[in-house]
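Visitor: This is the structure I have questions about; it appears just below.
The values are calculated or read from the model by the stated rules, or taken from the named source; none is laboratory data. All of these numbers come straight from a predicted model, not from anything done at the bench. Note: ideal-geometry Cβ built from the backbone for every residue, glycine included; neighbour counts use all protein chains shown.
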Amino acid sequence: MISVQGLSKRFGRASVLDGIELAVERRERVAVLGLNGAGKTTLIRCLMGLTGFSGTIEVAGHDVRRRGREARARLGYVPQRAPHFDGTLVEVVDFFCRLRGVDPGAAHQRLAELGLGMAEHGGKPVRALSGGMLQKSLLALALAEDVPLLLLDEPTANLDPRARREFLRMLRRVDDDTTILLATHRLSDVEEVADRLLVLHEGRIVFDGGVRELWAEAGASVILWVKVGAGERERAHQELARHWQGATVLANGSQLGLKVERGRRADVLVALREAELSVEDFWTETPSLHDLMERLLGSGQRSPDLGGRD
């Protein structure tokens, strides 16, 4: 579906993409993970043929430089934030459908599937819609043509936690035949959507594999927090210390935390249950992307820059 060979991009003296080699097969769900300035947005713009570059890119067999219109006709795109529009939702949706020669009814159906039926929401001014509703609208427009490829550039970056969960839930419902490439800096987005992960750093792909492989290669662990029943904290603390000798058990009121490998979270809960301790709630605290990148790149390389733009 996507073939990239020797992709490089410079802005003046600054190298943003440096010799990218990439192949994405049909039906793959791929996430491009990276800090701000890693080159994610530039990569998306190159795939769409919206900026000049060195190298070769084909989308669905079409060279994006020589046959850019044909390539773009095979993909849908969801940006980080919706452009500012006047008019109602139905007016904006129908306008963009006419631009692309798409039956507006297909977009209306997609919107209804995403919980934005035209009967209830079509007459609302676009400026009055929440960020989550706008992103759902963009997703519906991107999928209205049943395109084989969906590109998303930080689509949840400006959403609150609830809207982000809803958007990702809708994204998981996209037809299995649709290839997805999602650019993000959120680890949670990656785990929700992708089965393959690319880590982009300073314009280069420094990791290509599964999510579990990334955690293993980076040697990263998580903190599993559990909330136990009243009066059980001390016994739970002793049980965790006994099972994971040498590990530090963190305490915060009735909540206990234990740093474990990502794949062993269930072992902690099983151990507490077997000890007949009541777990009222549990959640995972994951390392930041910055920490994960430092582990992945190793202490011998320059620490990733948190600033900058893509």
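Visitor: Could you check how many residues of region 60-100 are farther than 27 Å from residue 28 by Cα and in a loop (DSSP other than H, G, I, E, B)?
Guide: Counting residues in region 60-100 that are farther than 27 Å from residue 28 by Cα and in a loop (DSSP other than H, G, I, E, B) gives 5.
Visitor: Here is a check on your reading of the model: is residue 304 within 30 Å of residue 11 (Cβ to Cβ) and modelled with pLDDT under 85?
Guide: When the stated conditions are applied, residue 304 passes them.
Visitor: Follow-up. Counting only residues that are touching a residue at least 40 places away in the same chain (Cβ under 8 Å) and surrounded by 14 or more Cβ atoms within 10 Å (Cβ to Cβ), which one in region 242-268 is farthest from residue 223 (Cα to Cα)?
Guide: 268
Visitor: Could you give me the residue pairs with C-beta distances under 8 Å whose first residue belongs to region 145-174 and is within 25 Å of residue 42 (Cα to Cα), whose second residue is of a type in the set (Phe, Trp, Tyr) wherever it lies, and which are 6+ apart or on separate chains?
Guide: Short answer, once both residue conditions are applied: 150/77; 151/77; 152/77; 153/77; 155/167; 156/167; 159/167.
Visitor: Right, something else. Taking region 120-129 as the search range and keeping residues that are part of a helix (DSSP H, G or I) and not β-branched (Val, Ile, Thr), which one is surrounded by the most Cβ atoms within 10 Å (Cβ to Cβ)?
Guide: Only one residue tops the list, namely 121.
Visitor: Mind listing whichever residues of region 202-241 are at pLDDT below 85, loosely packed, with under 13 Cβ neighbours inside 10 Å and not small (Gly, Ala, Ser)?
Guide: 212
Visitor: Assuming residue 151 fulfils every condition listed in (1) outside any strand (DSSP E or B); (2) more than 27 Å from residue 264 (Cβ to Cβ); (3) hydrophobic (A, V, I, L, M, F, W, C) apart from one, which condition is it?
Guide: (1)
Visitor: Another one. Applying the selection to region 101-119, what residues are surrounded by fewer than 17 Cβ atoms within 10 Å (Cβ to Cβ) and in a helix (DSSP H, G or I)?
Guide: Within region 101-119, 104, 105, 106, 109, 112, 113, 119 qualify.
Visitor: Scan 58, 120, 70, 91 and give me the residue that is among the acidic types (Asp, Glu) and in contact (Cβ under 8 Å) with a residue 40 or more places away in the chain.
Guide: 58
Visitor: It is to be established whether one or more residues within region 269-281 are modelled with pLDDT under 80 and over 15 Å from residue 219 (Cβ atoms).
Guide: No: region 269-281 contains no residue that is modelled with pLDDT under 80 and over 15 Å from residue 219 (Cβ atoms).
Visitor: Sticking with this one: Out of all the residues in region 28-44, is one or more of a type in the set (A, V, I, L, M, F, W, C) and farther than 15 Å from residue 207 by Cα?
Guide: Within region 28-44, one or more residues are of a type in the set (A, V, I, L, M, F, W, C) and farther than 15 Å from residue 207 by Cα.
Visitor: Does residue 65 satisfy being among the basic types (Lys, Arg) and under 30 Å from residue 125 (Cβ atoms)?
Guide: no
Visitor: Out of 99, 159, report the one residue that is more than 20 Å from residue 195 (Cβ to Cβ) and outside the structural domain of residue 32 (by TED's automatic domain parsing).
Guide: Going through 99, 159 in turn, just one is more than 20 Å from residue 195 (Cβ to Cβ) and outside the structural domain of residue 32 (by TED's automatic domain parsing): 99.
Visitor: I'd like to check something: does region 130-144 contain any residue that is surrounded by fewer than 19 Cβ atoms within 10 Å (Cβ to Cβ), in the same structural domain as residue 92 (by TED's automatic domain parsing), farther than 24 Å from residue 292 by Cβ and not basic (Lys, Arg)?
Guide: Yes, region 130-144 has at least one match.
Visitor: Which numbered condition in (1) among the basic types (Lys, Arg); (2) touching a residue at least 60 places away in the same chain (Cβ under 8 Å); (3) more than 24 Å from residue 172 (Cβ to Cβ) is the only one that residue 29 fails?
Guide: (3)
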